[in-house]
Structures are given as structure tokens and as C-alpha cells.
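Visitor: The structure follows.
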Amino acid sequence: MTPTDTFQTHRPRLFALAYRLLGSRSDAEDVVQDAWLRWQDANIASIRDPEGWLVTATTRLGLDRLRARRNARIEYVGPWLPEPLEIALDPDPLHDPAQRHALADEVSMAFLAMLEQLGPDERAAFLLKDVFDYDYPDIAPLLDHSPANCRQLVHRARQRLQAGKSRFAVSAGQHRDLLTRFMDASQRGDQAAILSLLHANAEMVSDGGGRVTAAIRPLLGAERIAQLYWAIARRNGAHPARIGYVNGEPAILRFQGEQLHSVTLVSIDGDRITRVLSVLNPEKLTALVTACEAGASS
């Protein structure tokens, strides 16, 4: 196997790690490209474990970019949400509903958003251990920590993430049904219907990046969220919408003319929506999905 073949064999795993670490498709692509350049310059004949070498390089490059991005985030306008990896009109036909639900959990926007509360080393240690199944002695040299310190990093990360998890599991069918009802109610601006779907303490986070109109702070409480959608519908500001998929998870796709305007996803606990995440920043919505293809309805 040539060095190029070796890299291409591991490339999907490297990209998966970089994307989860950074929450950005474009940043993940850059990190994998940088890892490729380092691989080309390395003395490959002396590398006994190519996968370990490549994962180490990708992790360290990703951490460098993550720390730099967090410093630059200070200037970002409003909340920052992850960049969708994939936006589709229909689910992947190769997976049954249970498989799709499980895969979506691994890269769901809600999961990636929760990872943002972790420090860089915590995030990397958690992903390597709980998502990519590395042992602590293998993680330690990647992060320049002892195995004991890595264990503590993962423990703290699990505690933080556990606090944000739903208490009650929801099936894929229930998730899609509740999302569809929320889409229909929000398109009409039906406050009563929206309130019946939202948890009283629900939160709405919108990422416009300062490029389009979006709330610059999270909106807290079902009443305020319902009132916002009522106001949008009242001034005929609702965009045609349909149910699609973002990172394999059901999502509301809204369109402005022929172009994708925004994607909205929800977190659900039991029979109520607890969090609404909307990505409106056009730089994060580069997928080639059009209103004509989607058959969006107003």
C-alpha cells in the first residue's frame, strides 16, 4: 500500500474526529489537509503505526485550531452554532430508521453544541475515549497528559454533558412528528399550538453570524418563543418550509426564493421541545438544496 493509499484509508476517520472536535465542516477539511501535508513530509518508512501517527497529528492540529477559533469567537456576532456537515431532503436509503437515529446522535447539532461547553483538552479526551474508543494510555501521548489526567478530563466532560441530556428517550418517529407539528404551528404563528409543544423553560438559539437578521442572544421561555413566531407570521415573514435532514437528523428547512434560508433543529425531552437551534448564517448553509428540489410549502 502506498503512502497515499494509507492516508486515504484513514481519511474518513480523521475527518470524523476533526469535525466533532471543531463543529465545522470547513475547519475539519482544513485540518485533514494539514495532516496530509505533514504526512507527505514525514519519514513514513520509520512510522510503525500509521493510524496512530495520523490520529495524533489530526488531534494536535485540531486542538491548535480550536484554541485559535475560541479566541476569535469573541468577535462573532450573536451565538455560535456548529456548521452542518450534511443537509439533505430525504434520509439516507442505506440505513433503516433505527440506524439513522443512532448515527444522527453521533453528529447531531445538539450534541455538537453541547461539546462547546467543554475545554479543548476535555473535548478531545472525551471524543477519543467515548466516541472513538481509545484507551487512556493511547490518549495520553496525544494530549501530552498522563493517563490519570486523561481519565479525569473524560470524567469532567461526561458530568458536564450529562447535565444537558434529555431525561426521557424519544423515538425517531416521535421526534419527526413533534418537529412537523412545530413547523406547521410556527409557520402559522399559532401561539397556542406552539406553547403546547414547548417546555415552559425552552430555549431558542439562532446563529446569524451578523450576516442576516437573527437574535443576538438566546431566547428563553416558551412564551417568548411563541410570541416571536407569532410576530414573524403576522408580518408575513415566514419562509416556505419543509422537513429535511441535517446530519441525518430531522430538521426544518426554510427557503428564501430558491435558496436555503435556514435550518432548524429541536431537542426533545419526553413530549416537549426543550431547545430550538436555528442556523441562518449563509456561510454555514452551502449545501446545494433549492426550493424547487424541495417542493417547500408556505
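The values are calculated or read from the model by the stated rules, or taken from the named source; none is laboratory data. Source: prediction; values computed, not measured. Quick reminder, even Gly has a Cβ in these numbers, built from the backbone with ideal geometry, and neighbours come from all protein chains shown. Ligands, DNA and RNA are excluded from the accessible area calculation, which covers all protein heavy atoms including side chains. Shrake-Rupley method; radii C 1.70, N 1.55, O 1.52, S 1.80 Å.
Visitor: For region 62-91, which positions are open to solvent by less than 20 Å² (accessible area, probe 1.4 Å) and assigned to a helix (DSSP H, G or I)?
Guide: Gly62, Leu63, Leu66
Visitor: Considering only residues that are open to solvent by 20 Å² or more (accessible area, probe 1.4 Å) and touching a residue at least 60 places away in the same chain (Cβ under 8 Å), look in region 114-133 and name the one that is farthest from the chain's Cα centre (by Cα).
Guide: Going through the qualifying residues, I end up with Phe132.
Visitor: Residues of region 277-288 being more than 16 Å from Trp80 (Cβ to Cβ) and either part of a helix (DSSP H, G or I) or touching a residue at least 60 places away in the same chain (Cβ under 8 Å) (or both), which ones? Write out each step before concluding.
Guide: Initially, region 277-288 is screened for residues more than 16 Å from Trp80 (Cβ to Cβ), giving 286-288.
Passing the criteria: only Ala287.
Visitor: Right, another one. If we scan region 183-194, do we find a residue that is within 15 Å of Ala110 (Cβ to Cβ), touching a residue at least 40 places away in the same chain (Cβ under 8 Å) and open to solvent by 20 Å² or more (accessible area, probe 1.4 Å)?
Guide: If we filter region 183-194 for residues that are within 15 Å of Ala110 (Cβ to Cβ), which is where we start, we get none.
Taking every residue of region 183-194 in turn, none turns out to be within 15 Å of Ala110 (Cβ to Cβ), touching a residue at least 40 places away in the same chain (Cβ under 8 Å) and open to solvent by 20 Å² or more (accessible area, probe 1.4 Å).
Visitor: Which condition does Asp138 not pass, out of (1) within 23 Å of Val107 (Cβ to Cβ); (2) under 25 Å from the mean Cα position of the chain (by Cα), if it passes all the others?
Guide: With (1) within 23 Å of Val107 (Cβ to Cβ); (2) under 25 Å from the mean Cα position of the chain (by Cα) applied to Asp138, the lone miss is (2).
Visitor: Would you be able to say whether some residue in region 78-89 is at pLDDT below 90 and within 21 Å of Lys165 (Cβ to Cβ)?
Guide: No, region 78-89 contains no residue that is at pLDDT below 90 and within 21 Å of Lys165 (Cβ to Cβ).
Visitor: For region 226-271, name all the residues that are under 30 Å from Phe168 (Cα atoms), in a loop (DSSP other than H, G, I, E, B) and open to solvent by less than 40 Å² (accessible area, probe 1.4 Å). So that I can check it myself, show each step before the final result.
Guide: Start the filter on region 226-271 by keeping residues that are under 30 Å from Phe168 (Cα atoms), which leaves 226-230, 241-254, 262-271.
Those left that are additionally in a loop (DSSP other than H, G, I, E, B): 247-248, 270-271.
Result: Asn247, Gly248, Gly270.
Visitor: Go over the candidates Ala233, Ala200, Ala185 one by one and state the one that is within 24 Å of Asp90 (Cα to Cα) and of a type in the set (Gly, Ala, Ser). I'd like the intermediate steps shown before the answer.
Guide: Values: Ala233 fails: within 24 Å of Asp90 (Cα to Cα); Ala200 fails: within 24 Å of Asp90 (Cα to Cα).
Unique residue meeting the criteria: Ala185.
Visitor: Take the residues of region 34-61 that are assigned to a helix (DSSP H, G or I) and among the acidic types (Asp, Glu): which is surrounded by the fewest Cβ atoms within 10 Å (Cβ to Cβ)?
Guide: The initial filter retains those residues of region 34-61 that are assigned to a helix (DSSP H, G or I), namely 34-41, 44-46, 50-61.
With among the acidic types (Asp, Glu) added as a condition, the list becomes 34, 41, 51.
Values: Asp34: 17, Asp41: 8, Glu51: 13.
My answer is Asp41.
Visitor: Sticking with this one: Of the conditions (1) at pLDDT 95 or above; (2) over 18 Å from Ser262 (Cβ atoms); (3) open to solvent by 20 Å² or more (accessible area, probe 1.4 Å), Leu197 satisfies every one except a single condition; which number is it?
Guide: (3)
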